[in-house]
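The values are calculated or read from the model by the stated rules, or taken from the named source; none is laboratory data. Remember, predicted model here, so these are calculated numbers, not experimental data. Methodologically, a virtual Cβ is constructed for each residue, glycine included, from the backbone with ideal geometry; neighbour enumeration extends over all protein chains shown. Protein only, heavy atoms only, side chains kept; ligands, DNA and RNA dropped before computing areas. Shrake-Rupley method; radii C 1.70, N 1.55, O 1.52, S 1.80 Å.
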Protein chains: 2
Amino acid sequence: MYKQAIIIRNDLQMGKGKIAAQASHASLQAYLKTDEETRDEWETEGMKKIALKVDGEKELIQAFNAAKKRKIRAALIHDAGHTQVEPGTVTAVAIGPADEDEIDVITGKLKLL
Amino acid sequence: MYKQAIIIRNDLQMGKGKIAAQASHASLQAYLKTDEETRDEWETEGMKKIALKVDGEKELIQAFNAAKKRKIRAALIHDAGHTQVEPGTVTAVAIGPADEDEIDVITGKLKLL
């Protein structure tokens, strides 16, 4: 089973709309980086996604780097900063889709958003 | 300029994680229905997204149908209902990416999420 993990910085206290947009940016960008075979399998299975949270930039970037180290495609979102956060702030990461167990190795300690 | 509108049912009072997941489902599914030329242009422009809200199922489906009527690709998300909402509940719609003015004709009266 494949899934995608979407990780949001909870410390920024973004509003619901901002979270929806940042999550969607991350999800789509990670999807676009993923190989076609994995994408197709994930789509067939129903595109399972899980939304998680971290409490700061450091933890977010750690998750992103852990994915890269394991050769799992991931996207790190920098916000343009028109609203709510400073320009360039990292707000979200999406990892995968990839094998669920592999995702869990990276994100297993993070709490649900 | 192209953009994608993501519309979330506010009356369901979903938590942040649920909103992030439903928005990402809708965003990606509408993207996958969109023609390649429009996708590419939208990606080049930075994949502008806007998150909006409605207060019930009726208004959500109206937006979805208005997009279909105008031949703009849209995705209507039914939740599996494992958490927070009843199985089959419609939770979100994404419209486009499509021309910003065309999106505004459909969603212009909706409030930001």
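Using a probe radius of 1.4 Å on heavy atoms only, what accessible surface per residue do you get for chain A? Whole Å² is fine. Each step should come with its number before you reach the end.
On the way: 5570 Å² over 113 residues.
Heavy-atom accessible area per residue stands at 49 Å².
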List the distances, in nm and shortest first, from the label point of B:Ile61 to the matching label points in every other copy, placing each point 7 Å from Cα along the Cα-to-Cβ direction. 4.8
Using alpha carbon centers only, segment A:36-113 is separated from segment B:1-74 by a whole-angstrom value of 20 Å
In Å² (nearest 100), what accessible area is buried between B and A, both sides summed, heavy protein atoms only, 1.4 Å probe? 1900 Å²
In nm, what does the list of distances from A:Ala80 to its counterparts in the other copies look like, shortest first, when each label sits 7 Å along Cα to Cβ? 3.4
Show me B:97-103, A:23-29 ranked by packing, highest mean number of other Cβ atoms within 10 Å first. A:23-29, B:97-103
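Where nothing but the Cβ of Lys and Arg (+1) and of Asp and Glu (-1) is charged, how large is the charge dipole of the protein assembly as shown around its Cα centre, in debye to the nearest 20? Let's see the in-between values first.
Working: 34 positive and 36 negative charges, 132 e Å.
Here the protein assembly as shown has a charge dipole of around 640 debye.
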7 Å from Cα along Cα→Cβ at both A:Lys33 and B:Asp11: what's the point-to-point distance in nm? 3.9 nm
Any idea of B:Glu43's accessible area? Nearest 10 Å², probe 1.4 Å. 70 Å²
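Calculate the dipole size of segment B:2-112 relative to its Cα centre from +1 charges on Lys and Arg beta carbons and -1 charges on Asp and Glu beta carbons; express the result in debye to the nearest 20. Show your work: numbers first, answer last.
Values: 17 positive and 18 negative charges, 81 e Å.
Dipole magnitude for segment B:2-112 comes out near 400 debye.
Rounded to the nearest percent, how much of the accessible area of chain B (1.4 Å probe, protein heavy atoms only) is carbon and sulfur?
Numbers: 2490 of 5580 Å².
Percent of accessible area from carbon and sulfur atoms in chain B: 45.
So which of A:Lys71/A:Lys109; A:Lys53/B:Lys109; A:Lys33/B:Lys69; A:Lys68/B:Lys53 end up more than 29 Å apart, counting from Cα to Cα?
Numbers: A:Lys71/A:Lys109 19 Å; A:Lys53/B:Lys109 32 Å; A:Lys33/B:Lys69 32 Å; A:Lys68/B:Lys53 35 Å.
The pairs that break the limit, which is 29 Å between Cα atoms, are A:Lys53/B:Lys109; A:Lys33/B:Lys69; A:Lys68/B:Lys53.
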Could you state the angle between the C-alpha long axis of helix A:36-45 and the longest principal axis of the C-alpha atoms of chain A, as a value from 0 to 90 degrees rounded to the nearest 10? 90 degrees
Kindly state, as a whole number, the per residue volume in cubic angstrom of the convex hull around the alpha carbon atoms of segment B:2-112. 90 Å³
What figure in square angstrom, to the nearest 10, would you give for the accessible area of B:Asp11 with a 1.4 Å probe? 60 Å²
